[in-house]
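Take a look at the structure set out below.
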């Protein structure tokens with residue numbers, strides 16, 4: 001390849017395309033990277049205007065070393081997606097400094113494409129998608145400008161951006177076909193770099209104040225659609241995520257990773273008309289953890305998911321990307337009603353020895369009054385209800401015997417306080433109990449028929465094991481603040497005014513204004529469709545699309561369709577090309593004339609490009625003495641006919657004479 | 001890349017059949033070749049990288065980006081093809097030159113379908129390309145330099161048309177052979193005159209002495225087309241007196257025959273070169289000169305038309321039409 005210089009007009013495009021590809025990285029690149037970007041782009045611009053020269057080899061080496069050192073120091077010992085991205089961006093930026101020839105331009109454009117793709121790992125919302133459109137357009141314009149010949153007729157030609165836009169539009173249909181039909185494979189290898197950034201969401205351990213902090217976040221947790229139209233009442237929407245069965249005096253946490261997991265096995269789904277069955281589909285934001293969200297009595301309905309012995313839905317891999325899964329639940333099914341194992345029993349009763357003595361004494365006292373487990377629990381609930389317990393997002397800071405302090409002095413708490421206290425009391429009284437963390441409720445979008453669950457819907461409640469009934473849900477929060485369960489957190493803390501008070505601009509706060517709220521819901525629906533069709537478009541959804549929309553049974557048919565659509569495309573293109581460039585149909589006269597010329601050429605009189613029929617016939621006549629006179633006569637007639645007037649009959653006669661004469665040429 | 005002679009010939013024959021030489025050629029799918037460039041291969045690498053990233057992170061936006069770029073790649077094949085399909089190349093008229101000189105071969109680019117053809121590179125093999133755009137309202141006339149080697153009708157061989165517009169992922173090219181109507185005269189060689197004897201063995205009456213050489217300055221006269229640059233009075237031109245030529249004493253009106261036979265033992269090409277030199281010299285000296293070649297005799301005269309006739313006869317001598325030699 002020759003070293004073609006980059007056209008001057010292409011440089012602004014290249015700089016813009018590269019800058020564009022960086023925008024999605026604003027949230028996580030260190031500040032100095034932006035200074036580097038500005039410096040490098042500025043330098044390259046000065047080279048362009050002729051004020052400085054290209055940096056020498058030594059300076060370039062120095063820049064590479066400095067940038068690498070900068071990245072290493074900034075992300076010291078945290079090798080995550082962010083640091084790898086920073087390296088990539090630094091490399092792409094420094095390439096600008098030696099962007100001199102067209103091939104360097106290619107490298108810059110291709111690197112920028114990849115930088116844009118990596119940006120999609122961090123941001124995937126609609127705006128990022130729309131921005132991606134703009135960025136691809138910029139990148140293609142830059143690539144096109146690299147090849148443009150700028151010297152002449154600049155005004156007359158279509159602009160670079162229009163041409164690039166045309167190419168992008170033309171390729172859009174094929175892109176859509178590929179997007180919907182290309183098989184979605186499972187990850188090729190397990191190890192991927194993931195963002196090291198802390199995510200908002202449930203954590204594996206629960207200290208009393210943890211969930212209250214989540215109450216301040218309106219980030220999306222997951223969305224649910226109920227696939228067969230039966231929707232549980234709001235009070236039943238307990239999305240279980242984690243069982244916290246171990247208490248260390250301060251925190252609740254899972255005792256051990258789930259021992260036995262019943263993985264989903266592909267089996268033909270039995271068609272049931274079970275009224276108590278809820279089938280639903282969840283699109284879940286990444287958590288970085290393996291737990292999934294499900295209603296009680298769940299059974300897995302999606303490859304890669306399974307149900308633990310505690311009745312929790314889990315994923316085979318940590319959920320680093322937004323996923324979509326189906327599940328079905330029979331909330332009425334008793335959980336471990338047949339009895340607990342010895343180990344399970346011990347675990348569900350274990351408490352650290354010396355904490356919260358007051359609470360223990362209180363439990364012992366109550367126990368004497370209520371020998372039945374159920375009575376005992378009911379009494380606890382009425383205790384919460386009847387005493388001046390206060391449901392708040394701003395609980396007091398508690399000391400070392402936190403449950404004692406909560407129950408008998410502060411009496412201000414969020415769901416985790418109530419759940420923890422109830423389980424502690426139950427265990428003290430010898431009733432197996434555990435804390436369950438997850439989400440409760442959600443916002444129902446009636447128009448589109450889906451439920452949005454946000455971080456502030458995070459909730460903790462208790463489960464106690466009752467003989468004959470198994471694990472039974474007990475939610476002390478419902479006793480203290482029934483509106484939390486009926487209407488959601490916002491209503492529950494309405495008096496306090498603490499709902500999302502840390503967030504100045506939150507769309508959730510606009511619920512009061514009617515039309516703004518409608519707008520907010522519309523935007524949420526848009527986001528929902530974006531998630532459903534773009535972000536969570538995976539193998540399963542693809543199967544559904546193939547069978548539902550296109551009526552295809554399986555992949556093979558899909559692949560055949562994909563292959564044949566390519567085939568048809570190329571076939572059509574070839575036909576069109578052939579049709580456009582087919583030789584023009586010739587008149588009988590021209591065919592007869594060609595024949596004469598061919599015969600003449602064989603006899604040694606080759607037609608020159610500039611020969612008129614008259615000249616050619618003259619030459620032919622000189623060379624063919626036998627038919628000389630006839631040829632000369634023909635010449636005269638042709639001239640008359642061609643240049644004077646058209647006459648179909650005479651033309652036909654002429655054609656006949658031409659053919660006859662052609663055969664007589666020797 | 002040098003192919004063996006045999007293959008080159010076979011390739012040339014195949015090309016002649018597929019893209020026959022013509023004065024005006026419109027590129028179509030029969031005459032256009034297309035292959036991905038090295039950049040195109042790099043692009044495929046980028047696509048694979050994007051696809052693997054999309055699969056491993058299960059990221060739909062990256063899937064979409066990869067598929068879009070892939071589709072753009074495929075579409076660019078079509079766009080690159082269309083960039084030279086329908087481009088019409090018309091050979092213009094070439095002014096005669098002497099062998100060894102560089103001829104300017106005019107080539108007009110125009111668009112057969114009223115489309116833009118951008119950044120089209122046109123070059124003879126081993127020559128730097130000319131880059132041009134042609135469009136609905138723009139039909140540029142390119143002057144392609146071509147170094148002639150042999151006398152005879154000019155046959156510049158195949159011209160390469162290249163383009164990788166718009167995205168550089170595909171490269172289209174074509175080999176066309178525009179037919180130029182033009183002559184390459186033999187390279188003139190300057191040697192003293194040797195004149196043919198007259199019919200009686202004498203010199204023709206009024207024949208110049210063979211040494212009749214540089215003349216004395218005689219005066220100034222108006223410029224006449226055909227005057228050599230050497231005799232133009234540049235000083236006077238610079239003074240704004242218009243084009244004037246210096247007039248020298250010369251043996252105006254002398255008659256001579258420039259004869260193939262007097263150069264008898266020399267090889268044909270050398271003889272032609274010397275005769276060419278003499279024609280030019282005699283023309284400049286305003287002699288009436290005639291030319292005798294085997295089978296050709298041109299009566300003495302002194303006009304530009306006469307000179308061109310002589311030079312044409314010299315250029316074409318011994319070449320039957322359709323000679324395949326490259327000029």
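Conditions (1) more than 30 Å from residue A:195 (Cβ to Cβ); (2) surrounded by fewer than 18 Cβ atoms within 10 Å (Cβ to Cβ); (3) within 14 Å of chain B (Cβ to nearest Cβ), marked per residue:
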residue	(1), (2), (3)
A:247	yes, no, no
A:265	yes, yes, no
A:274	yes, yes, no
A:293	no, no, no
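Conditions tested, residue by residue: (1) closer than 30 Å to residue A:534 by Cβ; (2) in contact with a strand residue (DSSP E or B) (Cβ under 6 Å, 6 or more places away or on another chain).
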{"site": "B:16", "(1), (2)": "no, no"}
{"site": "B:23", "(1), (2)": "no, yes"}
{"site": "B:30", "(1), (2)": "no, no"}
{"site": "B:44", "(1), (2)": "yes, no"}
{"site": "B:54", "(1), (2)": "yes, no"}
{"site": "B:59", "(1), (2)": "yes, no"}
{"site": "B:62", "(1), (2)": "yes, no"}
{"site": "B:77", "(1), (2)": "yes, yes"}
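With the condition kept exactly as written, say whether any residue in segment A:286-300 is touching a helix residue (DSSP H, G or I) at 6+ places or on another chain (Cβ under 8 Å) and in a loop (DSSP other than H, G, I, E, B).
Initial filter on segment A:286-300 (touching a helix residue (DSSP H, G or I) at 6+ places or on another chain (Cβ under 8 Å)): A:295.
Those still in the list that are in a loop (DSSP other than H, G, I, E, B) too: A:295.
Checked against the condition, which is being touching a helix residue (DSSP H, G or I) at 6+ places or on another chain (Cβ under 8 Å) and in a loop (DSSP other than H, G, I, E, B), segment A:286-300 yields at least one hit.
Selection over segment B:267-315 of residues that are at pLDDT 85 or above, outside any helix (DSSP H, G or I) and closer than 20 Å to residue B:225 by Cβ gives a count of 1.
Quick check on residue A:604: is it over 30 Å from residue B:28 (Cα atoms), within 14 Å of another protein chain (Cβ to nearest Cβ), outside any helix (DSSP H, G or I) and at pLDDT below 80? Talk me through it step by step, then tell me what you get.
Working: over 30 Å from residue B:28 (Cα atoms): yes; within 14 Å of another protein chain (Cβ to nearest Cβ): yes; outside any helix (DSSP H, G or I): yes; at pLDDT below 80: yes.
Judged against the criteria, residue A:604 is a match.
Counting the residues of segment B:147-172 that are closer than 24 Å to residue B:18 by Cα and either surrounded by 21 or more Cβ atoms within 10 Å (Cβ to Cβ) or away from chain A (no Cβ under 14 Å) (or both) gives 11. Anything in segment A:638-650 that is part of a helix (DSSP H, G or I) and exposed (fewer than 15 other Cβ atoms within 10 Å of the Cβ)? List them, or say none. Across segment A:638-650, the qualifying residues are A:639, A:640, A:643, A:648, A:649, A:650. Among the conditions (1) in contact with a strand residue (DSSP E or B) (Cβ under 7 Å, 6 or more places away or on another chain); (2) assigned to a loop (DSSP other than H, G, I, E, B); (3) without any contact (Cβ under 8 Å) to a residue 60 or more places away in the chain, residue A:306 misses just one, which is (2). Quick check: is even one residue across segment A:356-372 surrounded by 13 or more Cβ atoms within 10 Å (Cβ to Cβ) and in contact with a strand residue (DSSP E or B) (Cβ under 9 Å, 6 or more places away or on another chain)? The answer is no, given that none of the residues of segment A:356-372 is surrounded by 13 or more Cβ atoms within 10 Å (Cβ to Cβ) and in contact with a strand residue (DSSP E or B) (Cβ under 9 Å, 6 or more places away or on another chain).
Could you say whether any residue in segment B:244-265 is under 33 Å from the mean Cα position of the chain (by Cα), modelled with pLDDT under 80 and within 22 Å of residue B:313 (Cα to Cα)? Yes: one or more hits. Mind checking which residues of segment A:599-608 are surrounded by fewer than 17 Cβ atoms within 10 Å (Cβ to Cβ) and either touching a residue at least 40 places away in the same chain (Cβ under 8 Å) or not assigned by TED's automatic domain parsing to the domain that holds residue A:653 (or both)? Once the filter is applied, which keeps residues that are surrounded by fewer than 17 Cβ atoms within 10 Å (Cβ to Cβ) and either touching a residue at least 40 places away in the same chain (Cβ under 8 Å) or not assigned by TED's automatic domain parsing to the domain that holds residue A:653 (or both), segment A:599-608 yields A:602, A:603. Counting residues in segment A:104-125 that are surrounded by fewer than 16 Cβ atoms within 10 Å (Cβ to Cβ), out of contact with any strand residue (DSSP E or B) (no Cβ under 8 Å at 6 or more places or on another chain) and assigned by TED's automatic domain parsing to the domain that holds residue A:36 gives one or more.
Taking into account only those residues within segment A:305-320 that are buried (at least 18 other Cβ atoms within 10 Å of the Cβ) and over 25 Å from residue A:276 (Cβ atoms), which is nearest to the other protein chains (Cβ to nearest Cβ)? Result: A:320. On the stretch given as segment B:225-243, residues that are touching a strand residue (DSSP E or B) at 6+ places or on another chain (Cβ under 7 Å) and either within 26 Å of residue B:305 (Cα to Cα) or modelled with pLDDT under 75 (or both) total 5. Checked against (1) over 23 Å from residue A:120 (Cα atoms); (2) at pLDDT 90 or above; (3) out of contact with any helix residue (DSSP H, G or I) (no Cβ under 8 Å at 6 or more places or on another chain), residue A:41 passes all but condition (3).
Just one of the listed residues (A:178, A:185) is outside any helix (DSSP H, G or I), at the interface with another protein chain (Cβ under 9 Å from one of its Cβ atoms), closer than 30 Å to residue A:573 by Cβ and in contact with a helix residue (DSSP H, G or I) (Cβ under 8 Å, 6 or more places away or on another chain), namely A:185. Looking for something crowded, with 19+ Cβ neighbours inside 10 Å, touching a strand residue (DSSP E or B) at 6+ places or on another chain (Cβ under 8 Å), part of a loop (DSSP other than H, G, I, E, B) and at pLDDT below 90 - is there at least one such residue anywhere in segment A:335-355? No: zero hits.
Just checking, does segment B:17-26 include any residue being crowded, with 19+ Cβ neighbours inside 10 Å, more than 17 Å from residue A:163 (Cβ to Cβ) and within 9 Å of chain A (Cβ to nearest Cβ)? Within segment B:17-26, not a single residue is crowded, with 19+ Cβ neighbours inside 10 Å, more than 17 Å from residue A:163 (Cβ to Cβ) and within 9 Å of chain A (Cβ to nearest Cβ). Only residues that are over 15 Å from residue A:19 (Cα atoms) and more than 7 Å from chain B (Cβ to nearest Cβ) were counted across segment A:113-127, and they come to 5.
Set side by side, the residues A:29, A:97 differ, and just one is in contact with a helix residue (DSSP H, G or I) (Cβ under 8 Å, 6 or more places away or on another chain), surrounded by 16 or more Cβ atoms within 10 Å (Cβ to Cβ) and assigned to a loop (DSSP other than H, G, I, E, B), which is A:29. Taking segment B:30-44 as the range and being facing another protein chain (nearest Cβ under 8 Å), touching a residue at least 12 places away in the same chain (Cβ under 8 Å) and surrounded by fewer than 14 Cβ atoms within 10 Å (Cβ to Cβ) as the test, only B:30 passes.
State all residues of segment A:382-405 that are in a helix (DSSP H, G or I) and either exposed (fewer than 15 other Cβ atoms within 10 Å of the Cβ) or within 44 Å of the chain's Cα centre (by Cα) (or both); if no residue qualifies, say none. Lay out the reasoning, then the answer.
Quick first cut of segment A:382-405, residues in a helix (DSSP H, G or I) only: A:382-386, A:402-405.
If the condition is that a residue be in a helix (DSSP H, G or I) and either exposed (fewer than 15 other Cβ atoms within 10 Å of the Cβ) or within 44 Å of the chain's Cα centre (by Cα) (or both), then A:382, A:385, A:386, A:402, A:403 are the ones that fit.
The residue list A:37, A:61, A:66 contains one member that is part of a helix (DSSP H, G or I), in the same structural domain as residue A:150 (by TED's automatic domain parsing), farther than 19 Å from residue A:150 by Cα and in contact (Cβ under 8 Å) with a residue 40 or more places away in the chain, which is A:37.
Only one entry of A:79, A:110 meets the criterion of being in contact with a helix residue (DSSP H, G or I) (Cβ under 8 Å, 6 or more places away or on another chain) and either within 14 Å of chain B (Cβ to nearest Cβ) or over 29 Å from residue B:164 (Cβ atoms) (or both), and that entry is A:110. Against the list (1) in a helix (DSSP H, G or I); (2) surrounded by fewer than 18 Cβ atoms within 10 Å (Cβ to Cβ); (3) at pLDDT below 90; (4) within 10 Å of chain B (Cβ to nearest Cβ), the condition residue A:169 fails is (3).
The values are calculated or read from the model by the stated rules, or taken from the named source; none is laboratory data. Note that the structure is predicted; figures quoted are calculated from it, not measured. Because the Cβ atoms are built from the backbone with ideal geometry, glycine has one as well, and the counts that use them run over all protein chains shown.
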